[in-house]
Structure formats: C-alpha cells, structure tokens
Amino acid sequence: MLMHLAATERYYKIHTFEGKEWGNFDKKDTDLWNVGSRLGERARKEIKGHPISYYTDKLEEVREYSLKELKNRDDNWLMQSTPFFGNQPTNNYCKWFHVVEHESNHNGQIKYIKSRVV
C-alpha cells in the first residue's frame, strides 16, 4: 500500500511539476513505479517482503520532493488547467486534492493492516 501511495504521488509530480502528459513517463520511472501503481498479482510477487523501512523510505523520498515543490507554487499554478480526467479541463488544485484524497482513502486499510501486525 505504501508503494502504491508513493507511485501515485510520483506520477502526479511528473505530470504537474515537470509538465509531462499523463502516461508519458520515462522508462526509469515506469520500471520503478508501475508495479506499485497498478498493484495486483505482480505487485504481490515483486514488492512484497521488504522491511517496512524500504516502503517508508520510498514514500518519504517522494513526499519530501512534493512538499518542496508545492512550497514553490502559487495560486496561479494551482489554477492552471489541462485536459485530464476524461479529457476534461482539470486544474492542479484538483489533481493534488486527488493525491491527498487517495492517501486518505487508503488510510483505513493501513490502519487495519497495522492492527493485525502489532
């Protein structure tokens, strides 16, 4: 789940901070993040079994860059719009709200998993 959250945030960073079209990501990024982004059987085989620090370090690395970049953005940037969801105009505010909402949505699953481990 933590790799999934990190992957989602990384892809939104590429799209909004670097200005790349959604899905037009470098191979080095897709090789690293597609498994976590898509989850499923492949993820269960490839990203399962690392120490918790492996996942938290990846998320922390992604988050540190996001926070740094967001601090450098203003309201005009937040309101910049490009075709996105369903090829409809979507501003950066909505895109980053989606990233935050996505993490919040998975928070219940994370709490459940933590309660089973401890």
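The values are calculated or read from the model by the stated rules, or taken from the named source; none is laboratory data. From a predicted model like this one, the values you see are computed outputs, not experimental measurements. Cβ atoms come from the backbone with ideal geometry, glycine included; neighbour counts cover every protein chain shown.
Residue selection: Y55 fails the criterion of being under 18 Å from the mean Cα position of the chain (by Cα), of a type outside the set (A, V, I, L, M) and at pLDDT 95 or above.
In the range 63-89, which residues are closer than 27 Å to I110 by Cα, modelled with pLDDT of 95 or more, of a type outside the set (G, A, S) and touching a helix residue (DSSP H, G or I) at 6+ places or on another chain (Cβ under 9 Å)? So that I can check it myself, show each step before the final result.
Residues of the range 63-89 closer than 27 Å to I110 by Cα: 63-70, 85.
Going one step further and asking which of them are modelled with pLDDT of 95 or more, we end up with 63-70.
Keeping just the survivors that are of a type outside the set (G, A, S) gives 63-65, 67-70.
Within the range 63-89, R63, Y65, E69, L70 qualify.
Of all the numbered requirements in (1) touching a strand residue (DSSP E or B) at 6+ places or on another chain (Cβ under 7 Å); (2) surrounded by 12 or more Cβ atoms within 10 Å (Cβ to Cβ), E60 misses one, and that requirement is (1). Within the range 31-46, can one find any residue that is within 23 Å of M79 (Cβ to Cβ), within 15 Å of the chain's Cα centre (by Cα) and surrounded by fewer than 19 Cβ atoms within 10 Å (Cβ to Cβ)? No, because not a single residue in the range 31-46 is within 23 Å of M79 (Cβ to Cβ), within 15 Å of the chain's Cα centre (by Cα) and surrounded by fewer than 19 Cβ atoms within 10 Å (Cβ to Cβ).
Check the range 6-14 and report whether any residue there is more than 23 Å from K114 (Cα to Cα), out of contact with any helix residue (DSSP H, G or I) (no Cβ under 7 Å at 6 or more places or on another chain), among the β-branched types (V, I, T) and surrounded by 14 or more Cβ atoms within 10 Å (Cβ to Cβ). Outline the logic, then answer.
Taking the range 6-14 first, the residues more than 23 Å from K114 (Cα to Cα) are 10-14.
Those still in the list that are out of contact with any helix residue (DSSP H, G or I) (no Cβ under 7 Å at 6 or more places or on another chain) too: none.
No: zero hits.
Counting only helices (runs of 4 or more DSSP H) that fall entirely inside the range 1-107 and contain at least 3 residues that are aliphatic (A, V, I, L, M) and in contact (Cβ under 8 Å) with a residue 24 or more places away in the chain, the qualifying elements are 2-16, 52-71.
Give the residues of the range 84-112 that are surrounded by fewer than 13 Cβ atoms within 10 Å (Cβ to Cβ) and either farther than 29 Å from D74 by Cβ or polar (S, T, N, Q) (or both), sorted by residue number.
Keep residues of the range 84-112 that are surrounded by fewer than 13 Cβ atoms within 10 Å (Cβ to Cβ), which gives 85-89, 97, 100-101, 104-105, 107-109, 111-112.
Listed by number, the residues that qualify are N87, Q88, S104, N105, N107, G108, Q109, K111, Y112.
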